[in-house]
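Reviewing the structure listed below.
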Amino acid sequence: MSDNKTLGEHLRERGVSRRGFMKFCAATASLMALPPAMIPAIAETLQNARRPSVIWLSFQECTGCTESLTRSHAPTVESLIFDYISLDYHHTLQAASGEAAEQAREAAMKENWGKYLLVVDGSIPQRDGGVYSTIAGMTNLEMLQEVAKGAAAIVSVGTCAAFGGLPKADPNPTGAAAVSQIVTDKPIVNIPGCPPIPVAITGVLAQYLTLGKLPEMDHLGRPKAFYGQNIHDRCYRRPFYERGQFAETFDDEGAKKGWCLFKLGCKGPTTYNACATAKWNEGTSFPIQSGHGCIGCSEPDFWDAGGFYKALSVPIGDAAGAITAAAAAAAAAGLAAGAVNRYHKQVAQAAHEPLKVEELSREEKS
Amino acid sequence: MTAETLLTWARGSAFDWAIGIFVFGMVLRLIEVLSLGKKPDLAEGRGSGVKGGLKTIVTRSIPRASVFAREPVRITNGYVFHVGFLLVLLFYGPHIEFIENLTGLSWPALPGGIIAGLGMITMASLVLALIFRLRNPVLRHISTVNDYLAWAVTLLPVLTGYLAYSHAVLPYTAMLALHILSIELLLVVAPFTKLTHMFSFALSRWYQGYQAGYRGIES
Amino acid sequence: MSGPSVEKGINFIREQIDAPVASFFSSCVHCGMCAEACLFYTQTGDPRYTPIYKVEPMRRLWENEFTLWGRIKSTLGIAKKVTEEDFAQWEELVYDGCSLCGRCSLVCPVGNDISGMIRKIREGFSAAGYAPEGLIGATTRAITIGSPMGVRLPALKAQIGHVEKETGIEIPLDRAGAEYMVLLSSMEIMNFPEYLQAIARIMRQAGRTWTISSKAFEATNSGIQIGASDLARELVQRVVDAAEELGVQTVISPECGHAYTAIRWEGPNLIGRPFKFKVRHILEVLDEFREQGLIKTRGKEQARLTFHDPCQLVRKGGVVEQPRHLLDLVAENFVEMTDHGAMNWCCGGGGGVSANERADELRLKAFRQKKSQLDEIGVETLVTACANCRITLEEGLEEYEMDIPVVGLTETLAEHLVEEDQEGQG
């Protein structure tokens, strides 16, 4: 990677045609909801964009997000843009190790103070001073706070960084937290997913490169361009849901016929992501298409939202236990209440003095 | 609290509490009723009390022609919201899944569009029922807070369910959470209102039917 | 506890609360259908006459004392208690505005026996001293004299003498071992002796033995109407003692509605044991005779006539088909009213209403229900099988200037008997 090339030059070197590049620009414009007239301006800006410095911090994570991004089979314009950035610190991808690696980070921070983009994957443990995950003797918490100070913006990649993810799942032993719970004074965009769709990561980076700002976001800080759509609304199996045709098991007739997976626990109705439209592996498929319900991985606390195979309409606590306990308690209380009631009535009957005919009239007595 | 966590709470511990209170309240109330007991009828009988009781549990669902003629709209409307509510409850796919999860029983679902239509009819019918309650002199005279509360907690699940289905208001996650919470409200309130009739109606019909069957009179 | 008091009244109601009552109150959805079945509401439009509302004090007592929720409310002091004011306010609804006709119980969609509960709540009202003067008087006479109308044995004997003279048939008094013991209502003794005459002729033709007890000839039971089981029991006991003393097989309840309910259904439950004899309504007995071919009739009434079903017979008694079978024998132009049989409308005088002078105006208002039923079919004769209905109908018809004679079914049947002495004449 040559340090001084513009993005345009970089792409041309990699054999991206003008036509392919313009197509990407058009897609970017549409993602940002800009009018088509803006496409040439975007192309111009992107052509001449200089490599931005990116620092990628990996905390309590599994590297799945990086894998998602780097394991695309055919290189796309988006992935090439990713190639183009100056990735100054990334555990998995950088060549340097040990102290050299940390020095690279510090150097990049110093050089680009206030301008670099911070990408985080993984959640940050906070319990016990954050001792549950450290890098070079430094807790994740300290490192995030330090690096965030000089960042222009932060991209939380993956559900762990965005919402806490698996480490935060009940009972959350490390006190894991999302980036946004710790850093509150910087623009943050969440790109959740376990892992996120690669195009969502590169798309956001592309937009940031183009306009120098983060995209429009929803109430959970997710770019609306990728997370504005409900999986269920965009699902090709939706007609089966509407008709009431559901697969009951993974190998029944309904499953073979491609019926709706709602009863098998599909979380499509409560999940906002681009899987149903962007799909995975170069648009090959997505979980529902391959016969498995959506697990809702781009939503906060999806690990704790009951089992993956429990339908959304099904209680996820211990309803049977509650019913049994309540019935037992009611039986005990009922027998007690019944005894009290019967006693109350017996007392009334014992107090009964046969009514005499001369007692019928009030007037005579008073 | 986000919609997602609200939904998880609604499906989790909130539901456990709600169903627990419902079961506790209903079982307690039924035991309270039954434990009061009933003296045996010492008069010479003409027929079977058991047959009469069972028969009346069924036949009392059909109105007497002479009363129906007096209030055809009100009575029909009563059917509409009862049947509509039950159809929506029992034949929407996700509801069947809910029932299957609790009981192991399952049956085919009706298309969502039909359920949505039934939901709308049910709501319209409930609104009409409220209008009757507010305007009919008898209903106005005998109605208490209890009646309006029972009406509201019956309407809410249908309304929120319809809104969740139609994606008309709020994101689905939030609406689904509200839908489930409204059902939980219904469950919690039911044992303390006239909604106990959902079970006790059978007891009442049984008692009258039993006496009628034993005495050989109509009921 | 002596003398009427609210505490006593409340306690009497408390004793009445059993599982059926608790289930009825648990089930009521305030649908208001019972009002549509009640002639006191339909004819006045006053929602206070809504049947379930008439038992509101009882409902409150049940809720406050027999439900956990109500107990909590009572403990917290937020429960609405039953007060003397309630007794004063509800007395009119419970007695004047209800004839215990049972129509409401039959239409209640959740199956509540509302009229059964009104019967029960009257226990409390009578014990609290909140019963109408008219009913107190009738009950007092029933207990002390033996008849609500004050009819004593000499009066009956005089009537028997007349009937015997007229028919030439002996009326057997206190005959031990007879098959049937016939009860009479005071009204039949005083106003409609044709009933006794008819019985005598029919029994002779059927060849059955029967008797009247001098100790217990009165069938009506004011205790049931005022809702005082203790007094009703005493009246029932007189009949039971007499019947068992004479060793009869069957006691025949006369053309009276509540008398049948009193002796047939409430009787054994009041004295706490099954009877050693059967109880039948006169119409049941006559229909049995008809079935057995014991009644021979000749000719039919040509007048267009209809039958007014006494509430206590059709709804509480299950005597529905018998009068129709019997009318088939003797009536050419029998037409049914709309809402006949089990859904027939009350005359308005049952359940003690006719004995309660205070309720006269309301009763005549309620009679318009019957009037419209009659107007609809335009009959020349009205047949019934209850002396109390008969009087109430006659008064109502007179009030509304309707010229329709009211007759008893038994006497109508007797008029067409083919009697032995006539048989010879061909």
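The values are calculated or read from the model by the stated rules, or taken from the named source; none is laboratory data. From a predicted model like this one, the values you see are computed outputs, not experimental measurements. For neighbour counting, all protein chains shown are included, and Cβ atoms are generated from backbone atoms with ideal geometry for every residue, glycine included. We work out accessible area using only protein heavy atoms, side chains counted, and drop any ligands, DNA or RNA first. Shrake-Rupley method; radii C 1.70, N 1.55, O 1.52, S 1.80 Å.
Using each residue's phi in segment C:346-363, evaluate 6.51 cos²θ - 1.76 cosθ + 1.60 at θ = phi - 60° and report the 3J(HN,Hα) Karplus result to the nearest Hz, with x for Gly and Pro.
The phi angles translate into 5, 6, x, x, x, x, x, 5, 5, 8, 10, 4, 4, 8, 3, 5, 4, 4 Hz.
Can you list the residues of segment B:1-15 that have at least 40 square angstrom less accessible area with all protein chains present than in their chain by itself, probe 1.4 Å?
B:Glu4, B:Thr8, B:Arg11
In whole Å, how far is the Cα centre of segment B:147-219 from that of segment C:114-128?
Here the two parts' Cα centres lie 32 Å apart.
Springs between alpha-carbon atoms under 10 Å, Gaussian network over chain A: tell me which of A:Ile323, A:Ile188, A:Ile135 tops the mean-square fluctuations.
A:Ile323
Which FRET efficiency value, to the nearest 0.05, is calculated for A:Asp185 and B:Ala168 with the Förster distance at 30 angstrom and r the Cβ-Cβ distance?
In this case the efficiency is close to 0.20.
For segment C:348-375 and segment C:267-304, what is the centre-to-centre distance using only Cα atoms, to the nearest Å?
Here the two parts' Cα centres lie 27 Å apart.
For a 31 Å ceiling on Cα separation, which of these pairs sit above it: B:Lys194/C:Lys120; C:Lys120/C:Lys215; C:Lys165/C:Lys365?
Long pairs (Cα-Cα over 31 Å): C:Lys165/C:Lys365.
How high is the relative contact order of segment A:99-163, given as a whole-number percent (alpha carbon pairs under 8 Å, six or more residues apart)?
After rounding, I find 44 percent.
Using a Gaussian network model on chain C with a 10 Å cutoff between Cα atoms, which of C:Leu156, C:Leu76, C:Leu397 fluctuates the most?
C:Leu76
For C:His308, list long-range residues whose amide hydrogen, built 1.01 Å from N in the peptide plane, is under 5 Å from its own amide hydrogen.
Here C:Val383, C:Thr384 satisfy the definition.
What ³J(HN,Hα) values, in whole Hz, does the Karplus curve 6.51 cos²θ - 1.76 cosθ + 1.60 give for segment C:133-145 when θ = phi - 60°, with x put for Gly and Pro?
Here the 3J(HN,Hα) series is 3, x, 6, 4, x, 4, 5, 4, 5, 4, 6, 7, 9 Hz.
Once phi is turned into θ = phi - 60°, what whole-Hz ³J(HN,Hα) does the Karplus curve with 6.51, -1.76 and 1.60 give for every residue of segment A:242-248, x standing for Gly and Pro?
Running phi through 6.51 cos²θ - 1.76 cosθ + 1.60 with θ = phi - 60° gives 4, 7, x, 9, 10, 6, 9 Hz.
For chain A, give me every cysteine whose Cβ has no other Cys Cβ within less than 4.7 Å, ordered by residue number.
Isolated Cys, chain A: A:Cys25, A:Cys62, A:Cys65, A:Cys160, A:Cys235, A:Cys260, A:Cys266, A:Cys275, A:Cys294.
Within straight cross-link reach of A:Lys279, meaning Cα distance under 22 Å, which lysines are found once same-chain residues fewer than 8 apart are removed?
Answer for A:Lys279, where 22 Å is the Cα cut-off: A:Lys23, A:Lys224, A:Lys256, A:Lys257, A:Lys267, listed by chain and number.
In terms of Cα to Cα distance under 20 Å, which aspartates and glutamates are near enough to B:Lys38, apart from those fewer than 8 places away along the same chain?
Cross-link targets: C:Glu15, C:Asp18, C:Glu63, C:Glu65, C:Asp113, C:Glu123, C:Asp230, C:Glu266.
In square angstrom, rounded to the nearest 10, how much accessible surface does A:Cys235 have for a 1.4 Å probe?
20 Å²
Which whole-number percent is the relative contact order of segment B:63-215 (Cα, under 8 Å, 6+ apart)? Mind dumping the intermediate values first?
Details: 111 pairs, mean separation 27.9, N = 153.
This gives 18 percent for segment B:63-215.
With a 1.4 Å probe and every protein chain kept in, tell me what percent of the accessible surface of the protein assembly as shown is carbon plus sulfur.
Here it works out to 57 percent.
Take each uninterrupted DSSP H stretch in chain B, measure its Cα extent along the helix axis, and return the ones at 24 Å or beyond whose mean Kyte-Doolittle hydropathy is at least -0.5.
Those that pass (Cα extent of 24 Å or more, hydropathy at least -0.5) are B:13-35, B:72-91, B:112-135, B:145-166, B:172-189.
May I ask for the distance between the Cα centers of segment A:197-226 and segment B:32-76, given as a whole number of Å?
67 Å
Considering the Cα positions of the protein assembly as shown, please state its Rg to one decimal place and its Dmax as a whole number of Å.
When restricted to Cα atoms, the protein assembly as shown yields Rg and Dmax of 41.8, 142 Å.
Using only helices, what value at 222 nm comes out for the protein assembly as shown when you add -39,500 (n - 2.57) per DSSP H run of length 4 or more and divide by the total residues, to the nearest 500 deg cm²/dmol?
Calculated at 222 nm, the ellipticity per residue is -16000 deg cm²/dmol.
Is there a quick way to get the dipole size of chain C? I mean about its Cα centre, with the Cβ of Lys and Arg at +1 and of Asp and Glu at -1; what is the value in debye to the nearest 20?
Charge dipole, chain C, about its Cα centre: 1400 debye, nearest 20.
Test of understanding: in a Gaussian network model of chain C with alpha carbons linked when under 10 Å, which of C:Cys101, C:Cys346, C:Cys31 would top the mean-square fluctuation ranking?
The residue with the greatest mean-square fluctuation here is C:Cys31.
Tell me which residues come under 5 Å, amide H to amide H, from B:Arg60 once H is placed; ignore anything under 5 positions away on its chain.
The list, which skips near neighbours in sequence, is empty: none.
Wrap a convex hull around the Cα atoms of chain A, take a quarter of its surface area, and give that in square nanometres.
Result: a mean projected hull area of 33.2 nm².
Report, by chain and number, residues whose modeled amide H sits under 5 Å from the one on C:His281, excluding near sequence neighbours (fewer than 5 apart, same chain).
C:Ser253
Note the buried accessible area between B and A here, summed over both chains, with a 1.4 Å probe, in Å² to the nearest 100.
So the total buried area for this chain pair works out to about 3400 Å².
How much space per residue, in cubic angstrom, does the convex hull of the C-alpha atoms of segment C:293-426 take up?
About 114 Å³ per residue, rounded to a whole number.
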